[in-house]
Structures are given as C-alpha cells and as structure tokens.
Amino acid sequence: MDEKYSLAKRILEKYNQLHVLKGYNLLSEKSKEKLLDQILKLDFETVKSIYDNKDSIGVIDRNIIQPIDVIDKEEIDEEIKNECIKIGENIIYNNQYAVVIMAGGQGTRLGHNGPKGTYMLDITPAKSIFEILIDRFKEAKEKYGVVIPCYIMTSRDNYDATLEFFEQHEYFDYPSNAIKFFNQEELPMLDSDGKIILEELDLIKEGANGNGGVFGSLYRNGILDEMNNAGISWIFISGVDNILANIIDPLFLGLTINANCPIASKSIKKRAPEEKAGVFCIKNGKKVIVNYNEISDEMSRKKDEKGNLLYGDINIVSHLFSIDSLYQIINEKLPYHADYKKCNYINSLGTKVIATEPNAFKFETYIFDSFEFFEDMLIYRVKREDEFAPIKNAQGEDSPHTAKELYLKRRCF
Ligand code: UTP
C-alpha cells in the first residue's frame, strides 16, 4: 500500500494534481486502496494533452468545406432498388449483420431518472425506448427467420440499471443471448484550471468518452473479434434515442455494398437553415459531418439552383460500418472535443457541492469523426417522417411528445 501511495503521489505531483489526495488521511483502508487504484489506472499524459489542446479543436477553415452529393431514397431507380434489397437481405439471411445501440449518454437534456432507453412512452400499450427498438429485431426475426445480434453500449453509470431493466422485462421476448451489453470507457473531468474533479473523497469524477468511444470499447471488450469470428461483416450503429431508427434496412446495406463503400450514413433534409444538427459536407476532399456551429450562418442559408439548401443534409446517428472498417478505425486516433458541463464535486473543504452552473470539462470523441479515415462513403438521404423521431429534450422540439406523434403516424396503422 505504501508503495502504491508513493507511486500515485509521484504521478500526481508530476501532473500538478496533488489535490486529489487532500482527503486521503480521512479515508478507510478500503477507500484508500480504491482511490490509489483509480489514480494508477489513469492515463494522465493523455488527459493533459487533451486539456492542453482543447482550444484548438473545432476551428474549421470554412474555405475547405464544400457541398456533398447524397443518394436520395426517393430518386433510386426501381430496378436498382430491388437489386440492392436482395444484396442486403442476403447479408441478413447469412447471419452477417449486427446492430450496436449506443446508450452510454447522460441524457441530461431529457432529465429522465435512469438510462434514456428506459424512458416509457405514453402510447398504448406503453413502451420504453428500448422495447420500441427491440421490436425492430423481432420483426426481422419474423421476416427473415434470423436472430440479429444486438449490442448495447452503456456507461459505468447506467450499466447495472440497463441490464436490470432488460432482465425485468425478459428481454422483451427476444432471445436474451442475442442481446449483449458492454461498457464504454471514461475520462476524468477537469475544472477550468485543468484540475481533476473529485466526485467523492475516494473517487475521481470520470465521464463517458463520447459516442466515438464505441470503437475502442467494442474492441477492448472483445466484441469486435466475437463478431468477426461469427462471420459478421456489416454493423449498423445507432443512437438510442431515435424511436423511428430503421436499424435493419436491407436497401441501405445493399446500396452501400453496391457502391463498394466501407462505411455509410443516413441523412435527412434540414428543416431550416438554423436547425441545430451535424451537417454532411466535404472537408479537405473527404465526406464528413461537421457540427452545425462550424458552418457560418451565410453558408447554412446558401441554396443551389433548385432552391435546396447547399448544406441541407443532417446527421441522424444511423451509421453503417463494414467489419474491416471498424478494425481500421481502432488503429486511428479520433480527436477530442471539450464540452463544459455542470458537475457536482467535492470542494477543498471536503464538502459536496451541487453545481448550478457549468464548471467542468468533459472530453468526448464523436463517432462521425471516423469518416475522415476513409476515401469514400455513401450518404443515403431518407425521409424525416419515416426514420427520425428523436427524444432529446423534456419538452418542446425533439421531446417525448413530438417523438410519440411521429411514431404513431409511422408505426401504428
Ligand atoms: P447525445 O449527444 O444526444 O447525448 O448522444 P446524450 O448524452 O444522449 O444527451 P445529453 O446531451 O446529455 O442531453 C447521441 C447518442 O450517443 C450516445 C447517446 O446515448 C445517444 O444515443 N452516447 C453519447 C453514448 O453512447 N456515449 C456518450 O458518451 C455520449
């Protein structure tokens, strides 16, 4: 223990984080050990470099951005459509398809007590977001006679509650061995001076590392190899909070394979220039998504000769990756983005403080930053009312109320 303590202290001194040990002498032996273990497992060098570089992230030279071409579902020739559906269905019939649902977010805007997927929608019969998503797998099982594996990414904070929810609901009558859970990784949160935040005297506050953490977590939890060994060749990755997400879509799969693209993503048309969503575009010759605030107001209002917005396709977190592309991504480094968030903490007097204002940097990678690693990708535009009913906010736009209306229109006849 003494050795562990000395080592931890030396590391903290080196990175100017000695305050982490301020309550050490007040802790039980068990808590001391817990804190030391956490310190020793952290990669301080990475944390320091992310913090030092946080201001250089997100600055885009707008001259390097250009409009992008997409394939619009409405404009695909019937013959090609049928051919592609066949190609996609073959992948499904041959058990080569899997889905990953990213459910590790904090869902702060929704403010629901529990994992976002456990939010109950006020429909008849009442259904949780998770059940609505699992319905898609059950429909596919019925249609193709295939049990498509579903991998759910959770965070340390919501893993237990998520698992318990599925057990309580008996996996919504889908084979339980086809639904697997894995935790995403975390990074310490830092205050505005770059100091590590303590959640408890014996616990450094760590936050999930963003939805871009999905790649490393799939790999380090052995899931990528498991999929590969099972012969899975295409993986659809979706956010948890779009209750109309069309996660098993043979046409999308077939179009991507037909175009010989290793990755693909679905888009929808922007409602208005000011809609706050990631925008598809070409940057440095590569097809990418940039954040809405990285495109100037002037650019977001620009139209083509037909009157359509030039930067009018937005991200709905519905992405498709070949297994090889996932192996490629884990060898690359995604950039970190810094978000300034509210975070409760232990102050210098050892008292717990409830944050009322943003006070802490949370560092995240974004799944769509991986697009830049590829020479080409397919962008497939679908109709908003068919495939996008997000639940982000408690009220107003993109809330349970709006999502329910969209869902009822589309899914219940
Ligand atoms: P959002 O960016 O909407 O974040 O995530 P959020 O955490 O759900 O909600 P707010 O911003 O706190 O209100 C988009 C998708 O990425 C997942 C989310 O669960 C959601 O499906 N996500 C996000 C993760 O799985 N892990 C993360 O670290 C962040």
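GNM on the chain, C-alpha springs below 10 Å: top fluctuator among Asn228, Asn113, Asn393? Of Asn228, Asn113, Asn393, the Gaussian network model singles out Asn113 as fluctuating most. Multiplying the residue separation of Glu397 and Asn331 by 0.36 nm and removing their Cα-Cα distance gives an extension gain of 20.0 nm.
Extension gain for Glu139 to Lys306 (0.36 nm times residue separation, less C-alpha to C-alpha distance): 56.2 nm.
Probing with 1.4 Å while keeping every protein chain in the model, the per residue accessible area of the range 51-208 equals 50 Å². For the residue pairs Lys86/Lys127; Lys81/Lys116; Lys81/Lys270; Lys180/Lys286; Lys283/Lys303, the alpha carbons lie more than 27 Å apart in Lys86/Lys127; Lys81/Lys116; Lys180/Lys286. Surface composition of the chain: carbon and sulfur make up 45 percent of the accessible area, probe 1.4 Å. Once you reduce the range 371-385 and the range 117-184 to the center of their Cα atoms, the two points are 26 Å from each other. What angle, in degrees between 0 and 90 and rounded to the nearest 10, separates the Cα long axis of helix 2-14 from the longest principal axis of the Cα atoms of the chain? Taking Cα atoms only, the helix is inclined about 70 degrees.
For the chain, adding -39500 (n - 2.57) for each run of n ≥ 4 DSSP H residues and dividing by the number of residues yields -9000 deg cm²/dmol at 222 nm. With both residues required to sit in the range 126-226, DSSP beta bridges show an antiparallel share near 55%.
Here each label is just a point 7 Å from Cα along the line to Cβ, and for Lys14 and Asp173 those points are 5.7 nm apart.
Taking the DSSP beta bridges in the chain as the whole, what percent of them are antiparallel, to the nearest 5? Bridges in the chain are about 65 percent antiparallel. Modelled spin labels at Glu275 and Ser296, positioned 7 Å past Cα toward Cβ, are 2.4 nm from each other.
Seen through its C-alpha gyration tensor, with square-root eigenvalues sorted a ≥ b ≥ c, the range 202-325 comes out oblate because a/c lies at 1.5 or above while a/b is not bigger than b/c.
The values are calculated or read from the model by the stated rules, or taken from the named source; none is laboratory data. The structure displayed is predicted, hence computed values, not measured ones. Glycine also receives a Cβ, built like all others from the backbone with ideal geometry; neighbour counts cover every protein chain displayed. Each accessible area value is taken on the protein alone, full model and side chains, heavy atoms only, with ligands, DNA and RNA left out. Shrake-Rupley method; radii C 1.70, N 1.55, O 1.52, S 1.80 Å.
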